[in-house]
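Novice: Dumping the structure here so I can ask a few things about it.
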Amino acid sequence: MKYILLTIISLLSVPFAVLAESSETKIHRAMAAAPPSVSQQATIMDSDGTILQKGTNSWTCMPDTMPGDKAPMCNDVLWMKMMSAVGSKADFTAKGIGISYMLKGDIGSGVSNSTPYHQDHKNAHDYTETGPHLMIIVPKEMLKGITRDPKTGGPYVMWGDTPYAHIMVPIK
């Protein structure tokens, strides 16, 4: 009976082991989010906060924006502060300029353009996906005059009525 039980447990765990990504795969995907001049020396951090590779510059690259979405990003220090605030629903005020690269885009894993907290992003009335892009945090007063419409084909403001407002800059 023990043998049968162990066999069943072993067989059931095989699909999960196959689905698990290696650290090397995650590092490679994370580094693809930014130009090599940024990502080669960046710290690579997994979705759960585990450091996969220690870097020597001030950039942090991640294999996923949200756990499991496979939309890699590389962030400067200010972007990492903002991402931490988003994750904890804390207040955030941009007092400078922050840069984030998403050169692989977020096709298939987009978000609501008005809020990072939509319950079902893909069914939000303002769901948006953007191919390769930069994201720029600036003080709120610098967002005036920039459209919030992601369909214009140029830069637009995402999450404009939240403390996490930033400029999305599509790159063709």
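Novice: Can ASP64 be described as among the acidic types (Asp, Glu), within 12 Å of the chain's Cα centre (by Cα) and at negative phi?
Specialist: On the way: among the acidic types (Asp, Glu): yes; within 12 Å of the chain's Cα centre (by Cα): yes; at negative phi: yes.
Yes; evaluated as a whole, the condition is true for this residue.
Novice: Say we look at region 145-172 and pick out the residues that are modelled with pLDDT under 95 and basic (Lys, Arg); which of these is surrounded by the fewest Cβ atoms within 10 Å (Cβ to Cβ)?
Specialist: LYS172
Novice: Then there's this: Let me spell it out: the conditions are (1) in contact with a Leu (Cβ under 6 Å, 6 or more places away or on another chain); (2) surrounded by fewer than 17 Cβ atoms within 10 Å (Cβ to Cβ); (3) among the charged types (D, E, K, R), and LYS54 meets all of them except one. Which number is the exception?
Specialist: The one condition LYS54 does not meet is (1).
Novice: Could you please find all residues in region 86-114 being without any contact (Cβ under 8 Å) to a residue 60 or more places away in the chain and of a type in the set (Val, Ile, Thr)?
Specialist: The answer is ILE97, ILE99, ILE107, VAL111.
Novice: Right, another one. Do the conditions hold for LYS95, that is, is it more than 16 Å from the chain's Cα centre (by Cα) and not aliphatic (A, V, I, L, M)? Lay out the reasoning, then the answer.
Specialist: Details: more than 16 Å from the chain's Cα centre (by Cα): yes; not aliphatic (A, V, I, L, M): yes.
So LYS95 fits the description; yes.
Novice: If we scan region 3-20, do we find a residue that is within 24 Å of THR56 (Cβ to Cβ) and either of a type in the set (A, V, I, L, M, F, W, C) or at pLDDT 90 or above (or both)?
Specialist: No, region 3-20 contains no residue that is within 24 Å of THR56 (Cβ to Cβ) and either of a type in the set (A, V, I, L, M, F, W, C) or at pLDDT 90 or above (or both).
Novice: Continuing with this model, one more query. Residue by residue through region 115-154, note down the ones that are among the hydroxyl-bearing types (Ser, Thr, Tyr) and without any contact (Cβ under 8 Å) to a residue 24 or more places away in the chain.
Specialist: Matches in region 115-154: TYR127, THR147, THR152.
Novice: Let me ask another. Filter region 33-51 down to the residues that are under 17 Å from LYS104 (Cβ atoms) and buried (at least 17 other Cβ atoms within 10 Å of the Cβ) and list them by number.
Specialist: Residues satisfying the conditions are ALA33, ALA34, VAL38, SER39, ALA42, ILE44, MET45, ASP46.
Novice: Quick one: would you say SER114 is within 24 Å of LYS140 (Cβ to Cβ), surrounded by fewer than 20 Cβ atoms within 10 Å (Cβ to Cβ) and within 12 Å of the chain's Cα centre (by Cα)? If you could, list the steps in order and put the result at the bottom.
Specialist: Details: within 24 Å of LYS140 (Cβ to Cβ): yes; surrounded by fewer than 20 Cβ atoms within 10 Å (Cβ to Cβ): yes; within 12 Å of the chain's Cα centre (by Cα): no.
Answer is no for this residue.
Novice: How about region 148-171: which of its residues are within 16 Å of the chain's Cα centre (by Cα) and small (Gly, Ala, Ser)? Steps first, please.
Specialist: So in region 148-171, the residues within 16 Å of the chain's Cα centre (by Cα) come out as 158-159, 164-170.
Answer for region 148-171, where residues must be within 16 Å of the chain's Cα centre (by Cα) and small (Gly, Ala, Ser): just ALA165.
Novice: Cβ-Cβ under 8 Å, sequence separation 6+ or interchain: first residue in region 11-32 and surrounded by 14 or more Cβ atoms within 10 Å (Cβ to Cβ), partner part of a helix (DSSP H, G or I) and modelled with pLDDT of 95 or more. Which pairs?
Specialist: Matching pairs, first to second residue: ALA30/SER39; MET31/SER39; ALA32/SER39.
Novice: Same structure, new question: Quick one: what pairs do we get from region 42-59, first residue within 13 Å of TRP79 (Cβ to Cβ), second aliphatic (A, V, I, L, M) and surrounded by 15 or more Cβ atoms within 10 Å (Cβ to Cβ), C-beta under 6 Å, 6+ apart or different chains?
Specialist: Every condition considered, the pairs that remain are MET45/MET62; TRP59/VAL38; TRP59/ALA42.
The values are calculated or read from the model by the stated rules, or taken from the named source; none is laboratory data. This one's a predicted model, so the numbers in the text were calculated from it and none came from an experiment. Backbone-built Cβ (ideal geometry, glycine too); neighbour counts: all protein chains shown.
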